[in-house]
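Below: the structure, in structure tokens.
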Protein chains: 2
Amino acid sequence: MTTAAVATEQLTHEQKLDRLAEVAVRVGLGLERGQELVMTASLDTVPLARRITEHAYRAGASLVTTLFSDDEAALMRYRLAPYESFDRAPGWLYDGMGAAFKSGAARLAIAGANPSLLSNEDPEKVGRANRAVSKVYRPALELITRHEINWTIVASATPAWAASVFPDDAPDVALSKLWDAIFASSRVDADDPVAAWKTHDAGLHKRAEFLNKKRYAALQYRGPGTDFRLGLADDHLWLGGGTTAGNGAYCIPNMPTEEVFTTPHKDRADGTVTATKPLSHQGTMIEGIQVRFEGGRIVEARATKGQEVLQKLIDTDDGARRLGEVALVPHSSPIAASGLLFFNTLFDENAACHIALGQAYSSCLIDGDKLTPVQLAAKGANDSLIHVDWMIGSDKLDIDGITSAGTAEPLMRNGEWV
Amino acid sequence: MTTAAVATEQLTHEQKLDRLAEVAVRVGLGLERGQELVMTASLDTVPLARRITEHAYRAGASLVTTLFSDDEAALMRYRLAPYESFDRAPGWLYDGMGAAFKSGAARLAIAGANPSLLSNEDPEKVGRANRAVSKVYRPALELITRHEINWTIVASATPAWAASVFPDDAPDVALSKLWDAIFASSRVDADDPVAAWKTHDAGLHKRAEFLNKKRYAALQYRGPGTDFRLGLADDHLWLGGGTTAGNGAYCIPNMPTEEVFTTPHKDRADGTVTATKPLSHQGTMIEGIQVRFEGGRIVEARATKGQEVLQKLIDTDDGARRLGEVALVPHSSPIAASGLLFFNTLFDENAACHIALGQAYSSCLIDGDKLTPVQLAAKGANDSLIHVDWMIGSDKLDIDGITSAGTAEPLMRNGEWV
Ligand SMILES: [Zn+2]
Ligand SMILES: [Zn+2]
Ligand SMILES: [Zn+2]
Ligand SMILES: [Zn+2]
């Protein structure tokens with residue numbers, strides 16, 4: 001990296017943006033020479049998209065195609081389109097993406113959404129539109145979640161997102177603060193960002209290996225409003241950090257990433273869990289979530305705000321009220337340390353222990369990618385159109401690992417690894 | 001239209017933009033209720049794209065998907081991507097567009113390209129990239145050129161295009177002048193643009209019908225440096241204005257459009273033609289073109305500037321030195337009246353009578369879309385990889401229609417219909 005010798009405090013915004021693009025392409029995506037790249041970005045993230053395009057071509061990309069989305073156009077649809085049209089999604093575009101992945105393309109998403117974009121829109125329309133997209137996106141998304149291709153998500157600050165995170169600051173100050181948080185958590189501030197990422201990645205792998213050796217049957221959570229036991233899937237596999245995709249490229253799918261995670265057993269969740277942060281779900285804020293599980297299934301769901309959206313979410317399909325992911329993140333993670341609520345899963349899920357409603361990752365089972373849907377279900381892996389992470393970690397959360405013999409071993413105390 | 005009652009001189013830019021979007025959707029595209037819309041636009045044309053999106057939803061669009069292109073990203077590819085990658089095109093995306101058209105989507109393109117974007121890039125790379133796109137775009141493009149779906153092209157001013165048209169003006173003045181020219185030629189300045197378009201469309205249809213009844217064997221051109229007889233193809237069909245697409249929707253494919261046009265006979269062009277405007281071809285200006293035909297074929301080609309590029313162009317293939325289109329446009333057309341050279345076919349071909357080197361339109365023959373390549377050639381339709389329009393009309397051009405009996409009937413005098 002040409003700017004590595006410069007003291008990081010002296011870097012201009014443009015230089016930091018360039019570094020972010022470079023680690024996204026080289027470390028996050030692990031783009032291979034001659035590979036095609038499909039990028040998704042919003043019109044508010046053009047500067048980062050251009051820097052990524054540049055670094056992708058420098059890394060030997062054969063072709064970079066960016067699919068830009070426009071928040072203004074999305075809002076016009078909600079306000080003007082016929083009610084009956086909300087079951088429509090551009091299947092032809094998602095099929096196209098799937099075809100690109102199958103023919104060897106890598107995938108990069110720039111995250112930067114306005115967390116409350118759809119908060120004033122009809123939840124019925126939002127739900128139907130989301131369901132329609134989930135359905136047509138599924139074949140392409142499976143190539144991503146099964147890690148058949150190299151992919152990554154990286155963030156760009158945007159005015160609307162910054163205003164949500166820093167509501168009391170002037171727009172330019174908020175934007176600048178959000179960029180700082182993104183640069184810091186993406187390790188762009190390190191003297192050598194690429195080296196810093198490699199060290200961090202090794203640490204996550206070591207933690208996952210430790211848990212894989214333990215082979216816990218379940219995790220026991222205790223904290224304010226939380227008393228919850230979550231069984232792990234048979235042959236579950238803890239993952240964290242980078243992974244070698246089916247196409248042979250090594251990628252770190254999320255930048256930042258601080259979690260180790262695995263597949264819980266869809267029929268083995270019991271007790272009450274209270275979210276420790278609001279959940280921003282496709283434009284709506286859901287606050288004060290408290291949920292009770294019996295036999296893996298949500299039997300009671302409450303929220304102090306956004307209850308209707310929560311209810312619609314877990315009514316999506318049968319798997320939407322069961323868990324598909326469990327992730328452990330120490331409370332001292334750099335993102336948690338920032339004390340910020342980002343209203344963005346990429347950041348907030350890396351600030352706290354979390355669980356996810358919906359679809360499980362088959363990659364979080366031993367040889368999971370070779371199993372049929374029936375075999376996956378038999379091991380406890382959940383199936384759903386949705387995958388929604390919500391935060392249950394805090395500095396007051398204790399977690400024990402429960403061995404197959406039923407012994408409790410302390411894993412986390414007050415939010416930190418023991 | 002809510003602003004129809006306002007005197008057009010008092011309209012703000014935003015109001016004119018809104019009117020342009022409305023005629024594009026209602027008259028150009030003829031979007032039907034419940035129809036999906038696929039739009040292509042560059043990042044420099046977002047304001048018009050948003051207004052079109054709004055009017056499409058107001059007209060009952062079920063879904064509007066815009067594929068944005070970025071000139072900056074295109075240039076990065078030319079400057080940084082591996083040489084061997086220029087045969088690559090995003091076939092998955094064009095296949096997706098084709099699938100959208102087949103499932104009922106309409107198509108709108110916003111034109112606004114920088115005429116000299118690639119003028120400094122390696123012509124070899126440009127040629128290969130264009131050929132790669134032509135190849136993968138072909139199946140989707142055929143649905144468009146065969147008018148199986150409703151489609152239209154409408155223009156947005158962009159800074160780079162405006163700088164080409166008004167090189168002596170300050171950037172903001174140039175942009176504003178180009179917008180004025182677009183608004184005027186798109187009839188947005190009329191008191192009731194929708195009504196003005198309907199009247200204009202009826203006029204073009206009437207003119208094409210007149211010519212179709214005449215069934216001229218040839219056209220005879222006389223003007224400064226021009227003395228030229230051009231035979232028309234057997235079963236030629238004059239077209240102009242709107243058309244009912246295969247999906248039943250009525251659309252006007254180009255906004256603006258001033259031409260009536262048909263297919264000349266590839267073996268029946270004799271005499272000398274002098275171009276009346278410079279030709280902008282792939283970033284190069286060709287000026288002072290004078291060409292002599294014998295038996296349909298160019299036997300002598302001169303240009304006062306860009307002679308080499310002209311020679312290369314007509315050497316592309318055998319069909320490149322024969323004619324594939326003849327179009328009649330009165331010198332009083334609003335675009336000709338502006339006196340501007342737009343470096344954009346959508347405008348320049350509607351400013352003057354023109355002929356095109358290369359590929360003929362099969363739709364300009366009776367039942368042409370049902371004919372085989374051999375049958376098309378037998379009727380005189382030309383075949384080539386290129387289709388390059390050049391302007392031969394002026395206020396000094398006279399044109400006669402030559403009947404099958406050999407009688408000359410005056411069609412145009414001093415550039416105007418008699
Ligand atoms: Zn997670
Ligand atoms: Zn997750
Ligand atoms: Zn023409
Ligand atoms: Zn033409």
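The values are calculated or read from the model by the stated rules, or taken from the named source; none is laboratory data. On a predicted model such as this, the values are computed, not experimentally measured, just so you know. Cβ: placed from backbone, ideal geometry, glycine included. Neighbour counts: every protein chain shown. Ligands, DNA and RNA are excluded from the accessible area calculation, which covers all protein heavy atoms including side chains. Shrake-Rupley method; radii C 1.70, N 1.55, O 1.52, S 1.80 Å.
Things worth noting here:
- Condition met for A:Ala190 (open to solvent by less than 60 Å² (accessible area, probe 1.4 Å) and in contact with a Gly (Cβ under 7 Å, 6 or more places away or on another chain)): no
- Flag if B:Asn130 is more than 8 Å from chain A (Cβ to nearest Cβ), assigned to a loop (DSSP other than H, G, I, E, B) and on the phi < 0 side of the Ramachandran plot: no
- Residues (away from ligand 1 (no atom under 16 Å from the Cβ) and either modelled with pLDDT under 95 or acidic (Asp, Glu) (or both)) located in the stretch A:374-403: A:Asp383, A:Leu385, A:Ser394, A:Asp395, A:Asp398, A:Asp400
- Within the stretch B:309-361, tally of residues that are open to solvent by less than 50 Å² (accessible area, probe 1.4 Å), touching a strand residue (DSSP E or B) at 6+ places or on another chain (Cβ under 8 Å), away from ligand 3 (no atom under 13 Å from the Cβ) and under 20 Å from B:Trp197 (Cα atoms): 1
- Cβ pairs under 9 Å, 6+ apart, first in the stretch B:96-119 and closer than 15 Å to B:Ser69 by Cα and in a loop (DSSP other than H, G, I, E, B), second open to solvent by 30 Å² or more (accessible area, probe 1.4 Å) and of a type in the set (Lys, Arg): B:Leu118/B:Lys125
- In this structure, A:Ala140 does not satisfy being aliphatic (A, V, I, L, M), touching a residue at least 24 places away in the same chain (Cβ under 8 Å) and open to solvent by 50 Å² or more (accessible area, probe 1.4 Å).
- Evaluation of A:Phe343 against the conditions (1) assigned to a loop (DSSP other than H, G, I, E, B); (2) on the phi < 0 side of the Ramachandran plot; (3) of a type in the set (Phe, Trp, Tyr) shows that the sole unmet condition is (2).
A quick yes/no check of all residues on (1) without any contact (Cβ under 8 Å) to a residue 12 or more places away in the chain; (2) more than 7 Å from every other protein chain (Cβ to nearest Cβ); (3) outside any helix (DSSP H, G or I); (4) in contact with an Asp or Glu (Cβ under 9 Å, 6 or more places away or on another chain):
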position	(1), (2), (3), (4)
A:Ala21	no, yes, no, yes
A:Leu31	no, yes, yes, no
A:Ala41	no, yes, yes, no
A:Thr45	no, yes, no, no
A:Arg50	yes, no, no, yes
A:Ala61	no, no, yes, yes
A:Thr65	no, no, yes, yes
A:Tyr78	no, yes, no, yes
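- Meets criteria (free of Cβ contacts under 8 Å to residues at least 24 places away in the same chain and either under 20 Å from the mean Cα position of the chain (by Cα) or over 24 Å from B:Asp400 (Cβ atoms) (or both)) for B:Thr345: no
- Qualifying residues in the stretch B:275-297 (those that are of a type in the set (Val, Ile, Thr) and surrounded by 19 or more Cβ atoms within 10 Å (Cβ to Cβ)) - the one nearest to ligand 2 (Cβ to nearest atom): B:Ile286
- Among the residues here, A:Ala195 qualifies as part of a helix (DSSP H, G or I) and either open to solvent by 40 Å² or more (accessible area, probe 1.4 Å) or modelled with pLDDT under 95 (or both).
- Residue among A:Asp400, A:Asp369, A:Asp395 that alone is part of a helix (DSSP H, G or I) and open to solvent by 10 Å² or more (accessible area, probe 1.4 Å): A:Asp369
- Complete set of residues in the stretch B:80-89 that are within 31 Å of the chain's Cα centre (by Cα), open to solvent by 20 Å² or more (accessible area, probe 1.4 Å) and within 8 Å of chain A (Cβ to nearest Cβ): B:Arg88
- Residues of the stretch B:372-392 that are open to solvent by less than 20 Å² (accessible area, probe 1.4 Å) and either closer than 17 Å to B:His236 by Cα or among the hydroxyl-bearing types (Ser, Thr, Tyr) (or both): B:Gly380, B:Ala381, B:Asn382, B:Ser384.
- Any hit, the stretch B:313-321, residues being assigned by the TED database to the domain that holds B:Asp383, charged (D, E, K, R), away from ligand 2 (no atom under 16 Å from the Cβ) and under 18 Å from the mean Cα position of the chain (by Cα): no
- When we screen A:Gly242, A:Gly223, A:Gly231 for residues that are at pLDDT 95 or above, within 16 Å of ligand 1 (Cβ to nearest atom) and crowded, with 18+ Cβ neighbours inside 10 Å, the only hit is A:Gly242.
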